[in-house]
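> Mind having a look at this structure? Questions to follow.
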Amino acid sequence: MRDKDTIILESLYTLVVEKAKDVIDKLKTMNVPDELVNQFIAVDPTGQKNDAYALGKLYSQQEPNPKYLIALYKQFLKFKNKNNSQTKDFPRQFDSIEKLEKTIGDLNSIETIKLVKDKDEGKRLLRIDPTNSKLEAATVAKWIGDSKGRLLDKDVVDDYERFVELKERNIEGSEDVTKYNGYIAMTEFIHMHMGEDDGGKIDTGGKVNITKKPVYNDDEIAIWYIDNPQESISIGNALIDLADVRTKGGTPNWCTTWPIVGSGGMSNMFTSYRTNNRYTFYYTWSKNRAKGISGSTPNDQYVITAIAVTEGGKYVLTPAPNGTRASEDWSRIVEWMPELEGKEGYFKYKPISGEDQNKMVTYERMARYFNEEQFLNLSQFQQYEYIQMGFDIPPKTFPKLSKERMNDYLNIMANDLDRELPEKLEAILTPEQLKRYQIVHERAWENHLQGVEAAL
C-alpha cells in the first residue's frame, strides 16, 4: 500500500506535467531536442513553465551552449527570487542572449560592489572578470562577504587575478571559478599551478638530460642527492618530464622546483627547508612504475618522489602530485616503495655546507649588530635569504622593505609559533598587513594542532 506522501508527490508531478504539456509541444515545434526540453522544463519553477518556453525560444534562435544558457538562467533566477524589478518578466523582456547577459552582468556588478567593502577592489574585481555576465566576480565577492572580514579584499582579488592568468593560458581546471566551493579551494588550485611556464612544459629538446650522476642506479630505481637550489629545479623538472607527470592541466610537482620571486631564478623553497629545517634532499625515479597520462594525474604517485632526511633521522616523503608523508620511519617508506628495500644507506643526512654555514654566521652577525644601510644595500634575494633564515628586522626598517620582503617577513613571523609579533612592529603595520599576519598565524596554529606539516 502506498503511503500518503507518495500519493501527494505523484499528484503534484502529474499536475506539473499537465501544466507543461503545451510548452513541451511548443518547444518541440521549435526543434528543441528532447533532452533540452526536459532540462528547460526542470529548471523553470513556475507552474505555467513560461520561462522554459523563453529558454527554448532563445536556444532555437541563437543555439548557444545549452549548459551556458541554463547557467545564465539560474543566475537570473537567483535575482528573480529576490523580487528584483529587472527580473519580473523573463519571457517578454528577453529576446536575445545578449540582453540576458547584460542584465545579469548589471545585477552581478551591483552585488559585487555591495559585498566587497573596499570599493576600489570591488571595481578592480569587475574589471578582471572578462565575462559579460560577471558570474565569476560575483562568486569571488561572495567569498569575501561570507568571510566576515577574515579575508583581505585585496588578497582575494589578487588571487583571482592569478586564476584568470591561468585561464588565459588554458590551464585545465581554470575554465570557471564558480565551480570552486570557496576561496581556499581556488588558492590551492593556484598554488598547484603557480610554477608552470606558459606551455605547462619545459623544453627538453625531445629528451630528458640529467647530467648529474645518481648516488644509486639499477634497473628498478635511480636516486639523486640534491645539493643546491639549481639542482632542485633542473633535476626536479627533468624527472617530472621523464616520468611524464607534467599534465596538460598543470604540474604535479614540488615547491622545491619553483623559482622564488626576487631570486633571479637561482633559489626556491629548497633554500628555506635546507637552512631552517636542516633537511637533506634526494629525488627518486622508480623506472618500473606506471608513468603519467597526458591531461591527468600520475597513474602511480611514487613514480618520482622527493625524500628529505631530517636531522633527527626521520624521512619526509613527497610523491607526485604534491602530497607530503611527514616524519616517517624508514620501514614506513619501504611499505610504500618496496624498491627501496635495503637502500636506506643511500639516504644520508648531511650537515649544512660550509658555504651555507658561513652565510648563516654572516646573517647572524648582521642581526646582532644591525646596520640598516648595509641591509638595504643587499640584493633582494639576499634580503630574502636573511628573512627565510628567521632573523629579525627592526620595526623602523620594516617600512623601507619592498612589498614582497614585507610579506615574506610577516609570513615567517606568523608561521613561527615560538615567536611573538613585537609590539613596536604591530603598531606600524597597516590594517591590511595585520589582518594578513593574523590569518596566516591562525592557520599555522590550526595546522599545528592537526599535526599537518608543510608540503615540500
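Here, each number is a calculation from the coordinates, and none is a lab measurement. Keep in mind it's a predicted model, so treat the numbers as computed, not measured. Counting neighbours? That spans all protein chains shown, and the Cβs are built from the backbone with ideal geometry, glycine included.
> Just the projected area, averaged over all directions, of the convex hull on the alpha carbon atoms of the range 122-193: how many nm²? Numbers along the way, then the final one.
Numbers: hull surface 17.5 nm².
Orientation-averaged projected area of the Cα hull: 4.4 nm².
> Given LYS117/LYS148; LYS212/LYS359; LYS359/LYS403; LYS359/LYS424; LYS28/LYS102, which pairs have Cα atoms separated by over 21 Å?
Working: LYS117/LYS148 10 Å; LYS212/LYS359 25 Å; LYS359/LYS403 24 Å; LYS359/LYS424 28 Å; LYS28/LYS102 28 Å.
Listed pairs above 21 Å: LYS212/LYS359; LYS359/LYS403; LYS359/LYS424; LYS28/LYS102.
> Given 10 °C and 1.306 mPa s, how large is the Stokes-Einstein diffusion coefficient of the range 354-450 in µm²/s, with Rh as the Kirkwood radius over Cα pairs? Mind dumping the intermediate values first?
Values: Rh = 14.2 Å.
Roughly 112 µm²/s, to the nearest whole number.
> While we're on this one: Would you mind ranking LEU77, LEU239, LEU317 so that the residue whose beta carbon has the fewest other beta carbons within 10 Å leads the list?
Working: LEU77 16, LEU239 26, LEU317 23.
With the fewest neighbours first, LEU77, LEU239, LEU317 line up as LEU77, LEU317, LEU239.
> Sticking with this structure for a sec: Around LYS212, with a cut-off of 10 angstrom between Cβ atoms, what is the net charge of the other residues, counting Lys and Arg +1 and Asp and Glu -1? Please report the intermediate quantities before stating the final value.
Values: positive: LYS213; negative: ASP227, GLU231.
Net of charged neighbours comes to -1.
> Between LYS74 and PHE370, what FRET efficiency comes out of the Förster formula 1/(1 + (r/R0)^6) with R0 = 60 Å and r the beta carbon distance, rounded to 0.05?
Rounded to the nearest 0.05, the efficiency is 0.55.
> Using the per-residue mean of other Cβ atoms lying within 10 Å as a proxy for protection, in what order, highest first, do the peptides 160-173, 363-376 fall? Walk me through the numbers before you get to the answer.
Values: 160-173: 16.9, 363-376: 12.4.
Packing proxy ranking, top to bottom: 160-173, 363-376.
> In the structure displayed, which of LYS78/LYS119; LYS119/LYS167; LYS167/LYS291; LYS142/LYS291 lie more than 30 Å apart, Cα to Cα? All intermediate terms of the calculation are to be shown ahead of the outcome.
Values: LYS78/LYS119 23 Å; LYS119/LYS167 25 Å; LYS167/LYS291 27 Å; LYS142/LYS291 40 Å.
Over 30 Å apart, Cα to Cα: LYS142/LYS291.
> Moving to a separate point now. Using the count of nearby Cβ atoms within 10 Å as a rough guide to exposure, how do ASP118, ASP51, ASP159, ASP146 rank from fewest to most?
Values: ASP118 15, ASP51 23, ASP159 18, ASP146 12.
Lowest to highest Cβ neighbour count: ASP146, ASP118, ASP159, ASP51.
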